[in-house]
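The next block holds one structure in the form of C-alpha cells; read it before the comments.
The values are calculated or read from the model by the stated rules, or taken from the named source; none is laboratory data. Worth saying up front: this structure is predicted, and the values here are computed from it rather than measured. Reconstructed Cβ throughout: ideal geometry from the backbone, glycine too, with neighbour counts over all protein chains shown. All accessible areas refer to the heavy atoms of the entire protein, side chains included, with ligands and DNA or RNA removed. Shrake-Rupley method; radii C 1.70, N 1.55, O 1.52, S 1.80 Å.
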Amino acid sequence: MILPSVIDAIGDTPLVDLSRVCQKLDLDGRILAKLDYLLPGFSKKDRAAKSIVELARADGTLAPGQTVVELTSGNMGTGLAIVCGILGHPFVAVMSAENSIERARMMRALGAEVVIVPQAEGSKPGEVSGADLALVDEAAQRITAERNAFRADQFGHSGNPKAHATGTGPEIWNQSGGSVMAFCDFAGSGGTLAGAAEYLTPLGVRCYAVEPEGARAIAGEAISNPDHPIQGGGYAMGDLIHLNGTTLAGHLSVSGDAARDGAQLLARTEGIFAGFSAGANLAAAIDLLRGPEKGGCVAIVMCDSGLKYLSTDLWE
C-alpha cells in the first residue's frame, strides 16, 4: 500500500511479547509492549497531534494556514511539527530549557519554531517540574494571543484521549486477541491512559495510572518529592482534565532509577530502544505481575525513542 502522506502512517504499531524480560525476572505472567516509538515522530504523541489538528480543522477552530502553538516536552511538538507541516500550518513549540536537546533539534529539523523557556527558580537542572511547566504554559498563552494562533492544548483538547480510545485501546485489544487483563501508563497529559481506559475498561481490563515516587498527585497524595528524571510526565498535577470520570483500578509509583533500569532492560534484553517513560511503564508492569496482576497479561506503551535521550544520563 502506498500512503498519501506520512500522517497516514500514524497508528497500527506492533504489539510485542516481552517474554525475555519475564523469563529473566522469573515473572508469573505476560507483558505486551505497544511499540509507539516506531511512529513517524518516534513517539505516541503523534496520535494525539493528528487527532487534535484534524478535529480542529473539521470544526473550524483551526483555519487554513493558521499558526498552531503548543507547550511540549518535545514529543507532542514533534508530532505537531509533522502534522502541521503536511497540512500547511506554521507551528511554534514552547518547551522548558531542561528537556533533552535532541527533541528541540528534531522539531526544528521538521520546520517548527522552537521557543525555549528558562526553568523556574529553584528547579533542578535536567528535570522538568510542575512549576517549570507553568512557565511554559504562560509563554504558550502569550504567543498564541500575539499571533492569533490556535492552541493545540494537549492537556484539554478532546482529540488527545480520542486518539487512544479509537486507536491505541482497540489496537491493543485486537492484536492481543482479547487476552489483555491490565493496562498501565505513565501519565503526562493523561490522554493515553484516559483514552485507552475508555475502550478497555468496559471489556474488563483493569487500568492503572503510573506516577513518580513522591509526586503521586493523581493518586491524591501530598507531593513530597516533585524532582525526577522521567521527562514528559509526572508533573505532580492532580487535576488532569482527561482523567475526570476515568475508572482506574489503582495507582502505581516508580522511581527515576527504576524507570532508568527499565529502559536499559528493554534495550539489552528485548532490543527495544525506548525512553524514560517506557522504562517507567515496564517497571510498573513488573510490579503488577509481582502483585495484583500476578499470572495475568499486562499491556504497556513504549512511549518514545531512546534516541531522544542520548544527551541525558539514561544511556551512560
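Quick check: pseudo-label points 7 Å beyond the Cα along Cα→Cβ at Arg268 and Glu213, how many nm apart are they?
Placing both labels 7 Å along Cα→Cβ, they lie 2.0 nm apart.
Sorting check: for 80-88, 230-238, which peptide has the highest mean count of neighbouring beta carbons within 10 Å, and how do the rest follow?
230-238, 80-88
How much length is gained if the chain between Lys294 and Lys24 is pulled fully straight, taking 0.36 nm per residue apart and subtracting their Cα-Cα distance, in nm to one decimal?
95.6 nm
Just need the Rg to Rh number for the stretch 167-231, please, alpha carbons only, Kirkwood Rh.
We get a ratio of 1.06 for the stretch 167-231.
Which angle between 0 and 90 degrees, to the nearest 10, do you get for helix 45-59 versus the longest principal axis of the chain when only C-alpha atoms count?
Between the helix axis and the principal axis of the chain, the angle is about 50 degrees.
For the stretch 120-228, take the convex hull of the Cα atoms, compute a quarter of its surface area, and give me that in nm², please.
Details: hull surface 35.2 nm².
One quarter of the hull surface, i.e. the mean projection, equals 8.8 nm².
Could you compute how fast the stretch 186-292 diffuses translationally, taking Rh as the Kirkwood radius over C-alpha pairs and applying Stokes-Einstein at 10 °C with viscosity 1.306 mPa s? Give it in µm² per second.
113
Measure off 7 Å from each Cα along the Cα-to-Cβ vector at Thr166 and Val16, then give the distance between these two points in nanometres to one decimal.
About 2.9 nm separates the two model spin labels.
Return one whole number: the accessible area per residue of the stretch 220-316 in Å², for a 1.4 Å probe.
With all protein chains present, the stretch 220-316 gives 38 Å² per residue.
Could you tally the net charge around Ile300, taking each other residue with its Cβ under 14 Å from the Cβ of Ile300, Lys/Arg +1 and Asp/Glu -1? Numbers along the way, then the final one.
Working: positive: Arg30, Lys34, Lys44, Arg206; negative: Asp17, Asp36, Glu171, Asp185, Glu270, Asp287, Glu293, Asp304.
That works out to -4.
Using a 1.4 Å probe, what is the accessible area per residue for the stretch 40-150, in Å²?
39
Could you please tell me the mean projected area of the C-alpha convex hull for the stretch 259-314, averaged over all directions and given in square nanometres to one decimal?
3.7
Leu55: net charge of surrounding residues, Cβ under 14 Å, Lys/Arg +1, Asp/Glu -1, itself excluded?
Net charge around Leu55: +2.
For the chain, what does the helix formula give at 222 nm: sum of -39500 (n - 2.57) over DSSP H segments with n ≥ 4, over the residue count, nearest 500 deg cm²/dmol?
-10000 deg cm²/dmol, from helical runs alone.
Of the listed values [x] 40; [y] 45; [z] 33, grab the one calculated as percent of Cα pairs over 28 Å apart from the structure here.
[z]
Going down the table (Lys34/Lys308; Lys34/Lys294; Lys124/Lys162; Lys124/Lys308; Lys50/Lys308; Lys24/Lys162), which pairs top 25 Å between alpha carbons? Show your work: numbers first, answer last.
On the way: Lys34/Lys308 18 Å; Lys34/Lys294 20 Å; Lys124/Lys162 34 Å; Lys124/Lys308 20 Å; Lys50/Lys308 20 Å; Lys24/Lys162 36 Å.
From the list (Lys34/Lys308; Lys34/Lys294; Lys124/Lys162; Lys124/Lys308; Lys50/Lys308; Lys24/Lys162), the Cα-Cα distance tops 25 Å for Lys124/Lys162; Lys24/Lys162.
Quick one: work out the % antiparallel among DSSP beta bridges in the chain, nearest 5.
Antiparallel bridges: around 15 percent, rounded to the nearest 5.
What does the highest-first list of 51-60, 161-170 look like by mean Cβ count within 10 Å?
161-170, 51-60
Under 12 Å from the Cβ of Asp36, count the other residues' Cβ atoms, weight Lys and Arg +1, Asp and Glu -1, and hand me the total.
-1
Rounded to whole Å and sorted largest first, what semi-axes of the equivalent ellipsoid does the C-alpha gyration tensor of the stretch 1-126 yield via the square root of 5 times each eigenvalue?
Calculated on Cα positions only, the semi-axes equal 30, 23, 12 Å.
Can you list the residues, at least 5 places off or on another chain, whose amide H is less than 5 Å from the amide H of Cys207, using H built in the peptide plane?
Long-range HN contacts for Cys207: Phe183, Ala249.
Out of the total accessible area of the stretch 1-128 (probe 1.4 Å, heavy atoms of protein only), what percent is carbon and sulfur?
On the way: 2900 of 5470 Å².
Ligands and nucleic acids excluded, carbon and sulfur give 53 percent.
Taking each pair of distinct Cα atoms in the stretch 55-203 once, what is the resulting Kirkwood hydrodynamic radius in Å?
Details: mean 1/r = 0.0605 Å⁻¹.
For the stretch 55-203, the Kirkwood estimate is 16.5 Å.
Leaving out ligands and nucleic acids, and using a 1.4 Å probe, what accessible area per residue does the stretch 162-218 come to in Å²?
Heavy-atom accessible area per residue stands at 29 Å².
Can you tell which of Gly195, Gly220, Ser253 lies farthest toward the positive end of the dipole of the chain, using +1 and -1 charges on the Cβ of basic and acidic side chains (Lys, Arg; Asp, Glu)?
Gly195
For the ranges 129-142, 194-207, what's the packing order if you count other beta-carbon atoms within 10 Å of each residue, average per peptide, and put the highest first?
194-207, 129-142
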